[in-house]
Amino acid sequence: MSFIKNKLTQEEQEEIISILKARFEKNMSRHKGIEWSKVEKKLQSHTEKLWSLLQMEKTEGEPDVVGYDEKKDEYIFFDCVAESPKARRSLCYDRKALDSRKENKPKNSAIDLAEEMGIEILTEEQYRELQQLGNFDTKTSSWIATPSNIRKLGGALFSDFRYDTVFVYHNGAESYYAARGFRGSLRV
């Protein structure tokens, strides 16, 4: 990885575009009606976003195109790995939760890591959209964006897919588990 945040070498740019293209072509059902050539053109004109996509890839999220926002002229990427990204597990929800732990602190929080990566944690609506593209988190779970009224009371939300159903649960925001990570989204 480059030493300059948000800046990739030409070789790194070509590498992540090649990975994304191969995944795009392998999973055409995720992005019906979207042409790779247009996605690639957009990526090449917004190279600062490639850094975030590379971070998603390096943390085992397997980002892929899942939609296109015509109004904003943006392609939408989600982490599409089958289970919550391995390198993003064992994290509490946010900085406040991390700071509240007196002992056995996790190495980071989901919200802080997403921000460092330049991505956003999936909302409940986005998580449900993702589940329309396949079965994700059948053995793991993922933190999702939590409404402020729940977070204010110390809670945070997470989701998974069991029994052919998307479930949304709550937990203390300071909790963390080896089988819970987070999924991100990025608009390009």
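The values are calculated or read from the model by the stated rules, or taken from the named source; none is laboratory data. Remember, predicted model here, so these are calculated numbers, not experimental data. Cβ coordinates were reconstructed from backbone atoms using ideal geometry, including for glycine residues, and neighbour counts include every protein chain displayed. Only protein heavy atoms, including side chains, enter the accessible area calculation; ligands, DNA and RNA are left aside. Shrake-Rupley method; radii C 1.70, N 1.55, O 1.52, S 1.80 Å.
Screening S148 on (1) open to solvent by less than 20 Å² (accessible area, probe 1.4 Å); (2) modelled with pLDDT of 95 or more shows it passes everything except condition (1). Which residues, counting only those in segment 45-78, are of a type in the set (G, A, S) and under 20 Å from E115 (Cα atoms)? Of everything in segment 45-78, those that are of a type in the set (G, A, S) and under 20 Å from E115 (Cα atoms) turn out to be S52, G61. Here is a check on your reading of the model: is S52 closer than 29 Å to A156 by Cα, open to solvent by less than 20 Å² (accessible area, probe 1.4 Å) and not in a strand (DSSP E or B)? Against the criterion (closer than 29 Å to A156 by Cα, open to solvent by less than 20 Å² (accessible area, probe 1.4 Å) and not in a strand (DSSP E or B)), S52 qualifies.
The residues in segment 1-17 that are at pLDDT 90 or above and within 21 Å of the chain's Cα centre (by Cα) can be counted, and the count is 5. Given the criteria in a helix (DSSP H, G or I), open to solvent by 40 Å² or more (accessible area, probe 1.4 Å), out of contact with any strand residue (DSSP E or B) (no Cβ under 9 Å at 6 or more places or on another chain) and not aliphatic (A, V, I, L, M), does E103 qualify? Answer is no for this residue.
Give R95, R88, R101 a once-over and let me know the one that is in contact with a Gly (Cβ under 6 Å, 6 or more places away or on another chain) and among the charged types (D, E, K, R). Explain how you work it out, then say what you get.
Values: R95 fails: in contact with a Gly (Cβ under 6 Å, 6 or more places away or on another chain); R101 fails: in contact with a Gly (Cβ under 6 Å, 6 or more places away or on another chain).
Exactly one residue qualifies, and that residue is R88.
Annotation note: of T146, T138, the sole residue that is farther than 18 Å from V81 by Cα, of a type in the set (V, I, T) and either part of a helix (DSSP H, G or I) or in contact (Cβ under 8 Å) with a residue 12 or more places away in the chain (or both) is T146. Would you point out the residue of segment 158-179, among those that are without any contact (Cβ under 8 Å) to a residue 12 or more places away in the chain and not in a loop (DSSP other than H, G, I, E, B), that is farthest from the chain's Cα centre (by Cα)? Among those that are without any contact (Cβ under 8 Å) to a residue 12 or more places away in the chain and not in a loop (DSSP other than H, G, I, E, B), it is T165.
Hey, among G172, G134, which residue is touching a Gly at 6+ places or on another chain (Cβ under 7 Å) and open to solvent by 10 Å² or more (accessible area, probe 1.4 Å)? Steps first, please.
Numbers: G134 fails: touching a Gly at 6+ places or on another chain (Cβ under 7 Å).
G172 is the lone residue from the list that is touching a Gly at 6+ places or on another chain (Cβ under 7 Å) and open to solvent by 10 Å² or more (accessible area, probe 1.4 Å).
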